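The values are calculated or read from the model by the stated rules, or taken from the named source; none is laboratory data. This is a predicted model, so every value here is computed, not measured. Positions of Cβ are backbone-derived with ideal geometry, glycine not excepted, and every protein chain shown enters the neighbour counts. Side chains included, ligands, DNA and RNA excluded: accessible areas come from the protein's heavy atoms. Shrake-Rupley method; radii C 1.70, N 1.55, O 1.52, S 1.80 Å.
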Amino acid sequence: MSESIDRARTLLSDAGAVVILTGAGISAESGVPTFRGPAGLWKSFRPEDLATPEAFARDPRLVWEWYAWRRTLVAGCVPNAAHRALAEWALRRDRVTIVTQNVDGLHARAAREVAGGRDAGAALPVEVHGSLLRDRCSGCDARTAPVAVDATSVATLPRCTLCGSLLRPDVVWFGEMLDESVLAAADGAAATADVCLVVGTSALVHPAASLPLRTRAHGGMVIEVNPEETPLSRMAEVVIRGGAAEMIPMLVGRTA
Ligand code: APR
């Protein structure tokens, strides 16, 4: 293992530009359930009932009940050593872009905590699947701060103060397009990176899972941190089989 760590560490510190792609696995050690792991959300819930525009049209009360539960769960979690180490690294050196599939807001929290009074901008993530910590109007698309949700009935669900339509969580559901400008930012970072560090994703959901391929297509290298094999493992220059909270500080920490 230490040989892979040393090699990955060298590749990362020698890289001119780095893109980091994270998934649910980076937040697992903060207590946020993954989607496809043994106790993953999709083991006990059906995405087609909860995470599609059709499901929201069919039963917005059920969808909101589930997202309100996830919001409460995430509110009780804190960034772990991996989130913090990446934030510190992104603030310490140039040309590091954190791209996340996660909607839990833990990367942004780590960036602000680590930055203290300084500008956290360089460590704020590109959230390609949106955020649980924001609402969006299902009618006029206005974004708002999250409101308290009473999912007792459709009549009690939160509504847009501008047009009166139902609010929804500002996350990207299956079958929906990603925000163009957000995807362009992620793609641009991947296409110009010398190294793509992939942390805690099963690499099954596109277009996010294609970002490491963009880096490779431009002659860059992929480093994977995941306790398990994924479709990206065979194309990675270095594979590190371990948990993010332990491995990431070893890769990008000051003292490793
Ligand atoms: N450290 C690193 N990786 C971990 C850890 C850990 N402590 N624990 C689990 N993992 C790995 C698992 O082995 C798995 O490969 O994290 C990955 C989590 O995969 P998924 O649950 O499929 O989550 P993710 O890849 O982020 O899902 C992508 O799918 O459901 C949609 O929109 C949702 O953004 C999500 C997307």
Taking the Cα centre of region 148-197 as origin and charging only Cβ (+1 Lys, Arg; -1 Asp, Glu), how large is the dipole, in debye to the nearest 20?
300 debye
Toy charge model, Lys and Arg Cβ at +1, Asp and Glu Cβ at -1: the chain dipole around Cα centroid in debye, rounded to 20, equals 320 debye
In square angstrom, what is the accessible area per residue of region 1-134 with a 1.4 angstrom probe?
44 Å²
According to the Kirkwood expression over distinct Cα-Cα pairs, how big is the hydrodynamic radius of the chain, in Å?
18.8 Å
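What fraction of the DSSP beta bridges in the chain is antiparallel, stated in percent and rounded to the nearest 5?
On the way: 8 of 28 bridges.
Within the chain, antiparallel bridges account for around 30 percent of the total.
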Please get the size of the charge dipole for region 53-108, origin at its Cα centre, with Cβ charges of +1 on Lys and Arg and -1 on Asp and Glu, quoted in debye to the nearest 20.
180 debye
If each residue of separation counts as 0.36 nm, what is the full-extension length gain between residue 92 and residue 165 once their alpha-carbon separation is subtracted?
21.9 nm
When you take every Cα atom in region 1-77, what is the radius of gyration, and what is Dmax, the widest Cα pair distance, in Å?
18.1, 53
Percent of Cα pairs exceeding the 21 Å cut-off, where the set is region 130-231:
50 percent
Calculate the translational D of region 29-137 in whole µm² s⁻¹ from Stokes-Einstein, where the hydrodynamic radius comes from the Kirkwood formula applied to all Cα pairs, the temperature is 10 °C and the viscosity 1.306 mPa s.
104 µm²/s
Among 123, 76, 188, whose Cα sits farthest toward the positive end of the charge dipole of the chain (+1 at Cβ of Lys/Arg, -1 at Cβ of Asp/Glu, about the Cα centre)?
76
Using the Karplus curve 6.51 cos²θ - 1.76 cosθ + 1.60 with θ = phi - 60°, work out ³J(HN,Hα) for each residue of region 97-109 in order, rounded to whole Hz, and write x for Gly and Pro.
10, 9, 10, 10, 8, 6, 10, 7, x, 6, 5, 5, 5
Going out from 0 in 10 Å bins, what whole percent of all Cα-Cα distances in region 126-172 drops into each bin?
30, 54, 15, 1
Suppose accessible area is computed on protein heavy atoms with a 1.4 Å probe; arrange 160, 140 from highest to lowest.
140, 160
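For every helix of n ≥ 4 consecutive DSSP H residues, a contribution of -39,500 (n - 2.57) applies; sum these over the chain, divide by its total residues, and give [θ] at 222 nm rounded to the nearest 500 deg cm²/dmol. Numbers along the way, then the final one.
Working: 11 runs with 97 residues, N = 256.
Taking each H run of at least 4 residues, the total per residue is -10500 deg cm²/dmol.
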Which order, highest average first, do 114-127, 20-33 follow once you tally other Cβ atoms within 10 Å for each residue and take the mean per peptide?
20-33, 114-127
Rg(Cα) of region 182-248 divided by 2.2 N^0.38 Å?
1.05
Calculate, in nm to one decimal, what residue 234 and residue 180 gain on full extension: separation in residues at 0.36 nm each, minus their alpha carbon distance.
16.5 nm
Could you please put 1, 247, 177 in sequence from largest to smallest accessible area, using a 1.4 Å probe?
177, 1, 247
Mean separation of Cα contacts under 8 Å (at least 6 apart) over the residue count of the chain, i.e. the relative contact order in percent, is 25 percent
